[in-house]
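The values are calculated or read from the model by the stated rules, or taken from the named source; none is laboratory data. Everything numeric in this text was worked out from a predicted model, so none of it was measured. All Cβ positions, even for glycine, are placed from backbone atoms using ideal geometry, and neighbour counts span all protein chains on display. Heavy atoms of the whole protein, side chains included, go into the accessibility calculation; ligands, DNA and RNA do not. Shrake-Rupley method; radii C 1.70, N 1.55, O 1.52, S 1.80 Å.
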Amino acid sequence: MTNMLRNKNKVRKREKEDIKTEVYALSQSISMSAHKARRVLDQIRGRSYQETLMILELMPYRACYPIFKVIYSAAANAKHNMGLNEEYLVIIKATVDEGTTVKKLKPRARGRSYPIKRPTCHITIVLKNISLYEESVVENSIGCFKKTGWIYKKKSTDITSSFPLVCTTKNYSKGLQEDQKIRECIKNYVQKNMRISSGVEGIARIEIQKRIDLIQIIIHMGFPKLLVEGKPRRIEELQMNVQKELNYVNRKLNITITRITKPYGHPNILAEFIAGQLRNRVSFRKAIKKAIELTEQADTKGIQVQIAGRIDGKEIARVEWIREGRVPLQTIRAKIDYCSYRVRTIYGVLGIKIWIFVDEE
């Protein structure tokens, strides 16, 4: 009997503590279907507050803005009413309920209006503070963190990623911003010191591997000779430049350059080639057809190129695209490389999107 009473008291204490560390916000009668809101909530459930804000800012759905406001309101309640730190907040519950259906009339001329139905929904967000229960909460919800790309370590020694997918919950946003600064610094240096003026940097991707006292950066380039030839010390200059801009004192920085065998099989290099042609006022059709010819040499199965904006200086913006071969975007097994690139011309900003179908798994 005494053991039963002790267990009941422990359960009651845990429930009281959970109430103290949990905060919720509710938004009712949002003019949106529950299905559209649910597909966004499925992406943020189980993630931290800071990571959720970044995801909602980058997702293209209309449901992101009302969900963003609800999460921001819940975090404000936790900060002002309970004095909790936003860095330790995790979304443990995110639900959508269907609301009432509003009947309206769609106005049309000459009395042709007709009735329509507008669905509504109610969104509930629950945040929990994990700072007081790091051991228990993380051990119980480690499966949830694994699904969303989080790996928690008490004594983390290595953080390795090409774009930081493995990171501690506290330093995720800082590591993301640091990696972005490294990439921008490298690209700016390559643009200034390229030996040719075609505008093609030749950088396919930049891998960043982090440890406690070392940052290893691997630059995958299509044309490394254009940067290194004539000045073999340029890698050391690039390393010193990155260290100065990011103020690395206690951490060593190591930069290596690897050559890609088929550079025009990568969408980033291909987008830079098309951007250089558009800056030189070459017709967009000629630039796209030339890019498709280059990709055929790289043994790709298909390519789709899309350009949007004021093409050829026309006053009305439009979208033009050309496809060659197969580009199965709806097939999950298909391995497709994608790239979006912005180019500034004298007529304005143009957007370039490239899909390259490499192979099927």
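For beta carbons closer than 6 Å, sequence separation of 6+ or different chains, a first residue in region 300-327 that is among the aromatic types (Phe, Trp, Tyr) and a second that is open to solvent by less than 90 Å² (accessible area, probe 1.4 Å) and outside any helix (DSSP H, G or I), the qualifying pairs are TRP321/GLN306. For ILE196, the criteria (1) at pLDDT below 75; (2) surrounded by 12 or more Cβ atoms within 10 Å (Cβ to Cβ); (3) among the hydrophobic types (A, V, I, L, M, F, W, C); (4) not in a helix (DSSP H, G or I) hold in every case but one, which is (2).
Of the residues screened, GLN216 is one that is open to solvent by less than 50 Å² (accessible area, probe 1.4 Å), among the polar types (S, T, N, Q) and modelled with pLDDT of 80 or more. Residues in region 227-284 that are modelled with pLDDT under 80 and of a type in the set (Ser, Thr, Tyr): TYR248 alone.
Answer yes or no: is there a residue in region 87-109 that is more than 24 Å from LYS174 (Cα to Cα), of a type in the set (A, V, I, L, M, F, W, C), without any contact (Cβ under 8 Å) to a residue 12 or more places away in the chain and assigned to a strand (DSSP E or B). Spell out how you get there, then give the answer.
From region 87-109, those more than 24 Å from LYS174 (Cα to Cα) are 93-109; that's our starting set.
Narrowing the set further to residues that are of a type in the set (A, V, I, L, M, F, W, C) leaves 94, 96, 102, 105, 109.
So of that shortlist, the ones also without any contact (Cβ under 8 Å) to a residue 12 or more places away in the chain come out as 105, 109.
Filter again for assigned to a strand (DSSP E or B), leaving 105.
Yes, that holds for at least one residue.
Among the criteria (1) open to solvent by less than 70 Å² (accessible area, probe 1.4 Å); (2) outside any helix (DSSP H, G or I); (3) among the charged types (D, E, K, R), the one GLU51 does not fulfil is (2). For ASN171, the conditions (1) at pLDDT 80 or above; (2) within 23 Å of LYS210 (Cβ to Cβ) are fulfilled apart from (1).
Quickly run through region 248-302 and pick out the residues that are among the β-branched types (Val, Ile, Thr) and either under 24 Å from ILE182 (Cβ atoms) or in contact with a Lys or Arg (Cβ under 7 Å, 6 or more places away or on another chain) (or both). Selection gives VAL249, ILE255, THR256, ILE257, THR258, ILE260, ILE269.
Return the residues of region 273-311 that are more than 29 Å from the chain's Cα centre (by Cα) and hydroxyl-bearing (Ser, Thr, Tyr); say none if nothing qualifies. Once the filter is applied, which keeps residues that are more than 29 Å from the chain's Cα centre (by Cα) and hydroxyl-bearing (Ser, Thr, Tyr), region 273-311 yields only SER283. Every condition in (1) surrounded by 20 or more Cβ atoms within 10 Å (Cβ to Cβ); (2) farther than 30 Å from ILE346 by Cβ; (3) hydroxyl-bearing (Ser, Thr, Tyr) holds for THR256 except the one numbered (1).
Taking region 54-86 as the search range and keeping residues that are among the basic types (Lys, Arg) and either touching a residue at least 12 places away in the same chain (Cβ under 8 Å) or over 13 Å from LEU127 (Cα atoms) (or both), which one is most open to solvent (accessible area, probe 1.4 Å)?
From region 54-86, those among the basic types (Lys, Arg) are 62, 69, 79; that's our starting set.
So of that shortlist, the ones also either touching a residue at least 12 places away in the same chain (Cβ under 8 Å) or over 13 Å from LEU127 (Cα atoms) (or both) come out as 62, 69.
On the way: ARG62: 163, LYS69: 108 Å².
Filtering region 54-86 for residues that are among the basic types (Lys, Arg) and either touching a residue at least 12 places away in the same chain (Cβ under 8 Å) or over 13 Å from LEU127 (Cα atoms) (or both), the one most open to solvent (accessible area, probe 1.4 Å) comes out as ARG62.
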